[in-house]
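Notes follow the structure.
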Amino acid sequence: MEPGPLSRPAEQGRCVSGSPSAGAACPASLPSTAGAEPGSRPAAVAAVLPAGGCGERMGVRTPKQFCRVLERPLISYTLQALERVCWIKDIVVAVTRENMEAMRNIIQRYGHKRISLAEAGATRHRSIFNGLKALAEDQPDCKLTKPEVVIIHDAVRPFVDEDILLRVVTAANEHGAAGAIRPLVSTVISPSADGCLDHSLDRAKHRASEMPQAFLFDVIYEAYQQCSDYDLEFGTECLQLALKYCHTKAKLLEGSPDLWKVTYKQDLYAAESMIKEKISQEICVIENTKDEESVGYLLKEVLRNELNFVNITSTPLEHTGGNIQNFLIAQCYSFICVNVVSSNFQETQKFLGTLEESSLPLLYPVVVVLVYFLDLTLVPLTQEMENLMWIRELAKEVKKRNVLLSGLLINYSQVKRKD
Ligand SMILES: Nc1ccn([C@@H]2O[C@H](COP(=O)(O)OP(=O)(O)OP(=O)(O)O)[C@@H](O)[C@H]2O)c(=O)n1
Ligand SMILES: O=P(O)(O)OC[C@@H](O)[C@@H](O)[C@@H](O)CO
């Protein structure tokens, strides 16, 4: 892990970043969610993220939750996904003692809120149990309030959205426990002692247990307190603990294909391409003119026609300075700055400076393409290229702050336009 800015020391179970329930004001009414189960969402919801594993199957030295995707640790994406849900009051992350400092640096560097740390255990169940203890008010060092419902979600499952979280929490509030499931891809078979097929399970009658899961806090906390050492050591299913020790049958909810767990190296590559696809869904064309007849607006229309699943917006250059927040809200990370037959680069450079100073590049790389329409019948290409060399130097500079800058020179003869 690269050394990040020193973070404030965090105590076990103490919120290390911002006050609990900090972040966007939460609407009083339930967010409208098509798939939500009947029933109401409980007021007090917290989450426990087991993040204390070593990622043996990933086959690299860095534990997979800290492996970088687009230059950012995987766990930061999962934290961001949970933080987007304003009604999750506290997020407890269980990490090993030796990774506590690295975790605090990630929280500090990427501005994560509502996060508390607990010490991971030797197994996933023990890590989860430690996370629950940080929320249970019967613990001496508990600094957080006990929730009605607790979400349990693997830190290495970054693609979780509010819809499934609301569904499992609402269902857990009604049934005591709930979990996301997915159809099996491979058939489950049972080998005999001599390594041959004993029998296979009917794939249509079985499902893969995924995350998130949610529980009435008292149910899952009781289950872990009653749990045998064998279950704590070798178990992999929290829903089973609720059934075995609290006789609570979890409600099973079909989740989306995105709920998969990053386990092997190829999963990191898949996660990277999914993140790239997600952040390339929004493109903003930045014009250095308000003329609706300009080539920049023409470029926007062409892009709209060619890129079917991408939302193309545009704004005049002078409007971008103070409005970076708008791009943050719009989740826009791809910009095309259009400069039509002008060597005035100051405005473009001012936009890039504002972009760098904003928190936009903090969470995802920001792609900026500078498109210069120049009339090469008026000025030779070699001279124009010399004029544009500053882009190459600037690109090296801004890349340090996660802004990926490139230039595109288009020969745009004014003469033809006058016909
Ligand atoms: N002692 C452990 C083991 C696992 N986990 C967490 O549980 C989640 C899912 O477990 P898994 O995918 O098995 O992670 P690892 O145990 O790290 O992977 P491996 O089995 O390949 O070592 C991960 O976020 C992992 O960090 C944990 O908190 N404490
Ligand atoms: O078994 P692992 O420790 O790799 O991962 C844990 C998974 O088993 C678990 O996340 C889901 O199956 C739901 O319980």
**Study point:** Residues located in region 202-255, provided they are part of a strand (DSSP E or B), more than 12 Å from ligand 2 (Cβ to nearest atom) and surrounded by fewer than 18 Cβ atoms within 10 Å (Cβ to Cβ)
**Key:** Glu254
Exercise for review: Check region 150-157 and report whether any residue there is open to solvent by 40 Å² or more (accessible area, probe 1.4 Å), within 16 Å of Leu49 (Cβ to Cβ) and touching a residue at least 60 places away in the same chain (Cβ under 8 Å).
Suggested key: no
Revision key, fill the gap. Within region 38-60, restricting to residues that are touching a His at 6+ places or on another chain (Cβ under 9 Å) and open to solvent by less than 10 Å² (accessible area, probe 1.4 Å), the one that is farthest from ligand 1 (Cβ to nearest atom) is Ala47
**Study point:** Matching option when the condition is under 26 Å from Arg72 (Cβ atoms), within 12 Å of ligand 1 (Cβ to nearest atom) and surrounded by fewer than 20 Cβ atoms within 10 Å (Cβ to Cβ), among Glu98, Glu119
**Key:** Glu119
Revision key, fill the gap. Flagged in region 137-149 as modelled with pLDDT of 95 or more and either closer than 16 Å to Thr236 by Cα or surrounded by fewer than 19 Cβ atoms within 10 Å (Cβ to Cβ) (or both), in numbering order, are Lys146, Glu148
Exercise for review: Consider Thr170 carefully, then state whether it is surrounded by 24 or more Cβ atoms within 10 Å (Cβ to Cβ), within 15 Å of ligand 2 (Cβ to nearest atom) and either of a type in the set (Ser, Thr, Tyr) or more than 16 Å from Ile220 (Cβ to Cβ) (or both).
Suggested key: no
**Study point:** Residue tally, condition within 16 Å of ligand 2 (Cβ to nearest atom) and in contact (Cβ under 8 Å) with a residue 40 or more places away in the chain, over region 61-100
**Key:** 12
Point to revise | Counted residues, region 221-266 - those being within 16 Å of ligand 1 (Cβ to nearest atom), of a type in the set (D, E, K, R) and without any contact (Cβ under 8 Å) to a residue 40 or more places away in the chain | key: 2
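The values are calculated or read from the model by the stated rules, or taken from the named source; none is laboratory data. From a predicted model like this one, the values you see are computed outputs, not experimental measurements. Note that we place each Cβ from the backbone using ideal geometry, even for glycine, and neighbour counts take in every protein chain shown. Note: accessible area is taken over every heavy atom of the protein model, side chains too, but ligands, DNA and RNA are not part of it. Shrake-Rupley method; radii C 1.70, N 1.55, O 1.52, S 1.80 Å.
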